[in-house]
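Each remark here refers to the structure printed beneath this line.
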Amino acid sequence: MADGTLHLTEATFDTEIGNHAEVLMVDFWAEWCAPCRAIAPALEEIARESSGKISLAKVNVDEEPALAARYGIRSIPTILLMRGGTVVDQVIGAVPKAQLRKKLDAIV
């Protein structure tokens, strides 16, 4: 996992989300999910290459089911794109890196 990746729990979620002015990619994932593992390197790379404009946070849905329910996560991976603590867009499934970049470019 990339250095600087936030690992969010129900206890830390609201505080951490509020501490980030940059766009936050919140990846709802699970260990057993092959598509989640497939998209993880692209998410880490985007965050690393963004020069601080985009950060990556991860929520393990098996460990934090209440957070998944709060955001209506029914399929993983789901990546919520958040700015100022508000969800501005989302990506469902292991999509190509170019598709992620296109969505992010629209909100960064």
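The values are calculated or read from the model by the stated rules, or taken from the named source; none is laboratory data. Predicted model only: the values in this text are computed from it and were never measured. So basically every Cβ, Gly included, is an ideal-geometry build from the backbone, and we count neighbours across all protein chains shown. Each accessible area value is taken on the protein alone, full model and side chains, heavy atoms only, with ligands, DNA and RNA left out. Shrake-Rupley method; radii C 1.70, N 1.55, O 1.52, S 1.80 Å.
For this structure, a couple of remarks:
- Extents of the chain, taken as max minus min of Cα coordinates on every principal axis and listed largest first, are 30, 30, 24 Å.
- Across segment 33-50, the residues whose backbone nitrogen lies under 15 Å from the label position 7 Å along the beta-carbon direction of Asp62 are 33-38.
- Taken per residue, the accessible surface of the chain reaches 53 Å², heavy atoms only and a 1.4 Å probe.
- Under 19 Å from Lys58, Cα to Cα: aspartates and glutamates that are on another chain or at least 8 residues apart: Asp3, Glu10, Asp14, Glu16, Glu22, Asp27, Glu31, Glu44, Glu45, Glu49, Asp89
- Ellipticity estimate at 222 nm from DSSP helix runs (n ≥ 4, -39,500 (n - 2.57)) divided over the chain, nearest 500: -10500 deg cm²/dmol
- Local electrostatic count at Phe13 - Lys and Arg +1, Asp and Glu -1, tallied over other residues with Cβ under 9 Å: -3
- Of all accessible heavy-atom area on the chain, the percent that carbon and sulfur account for (1.4 Å): 51 percent
- Electrostatic tally near Pro65: other residues with Cβ closer than 13 Å to its Cβ, Lys and Arg +1, Asp and Glu -1, net -2.
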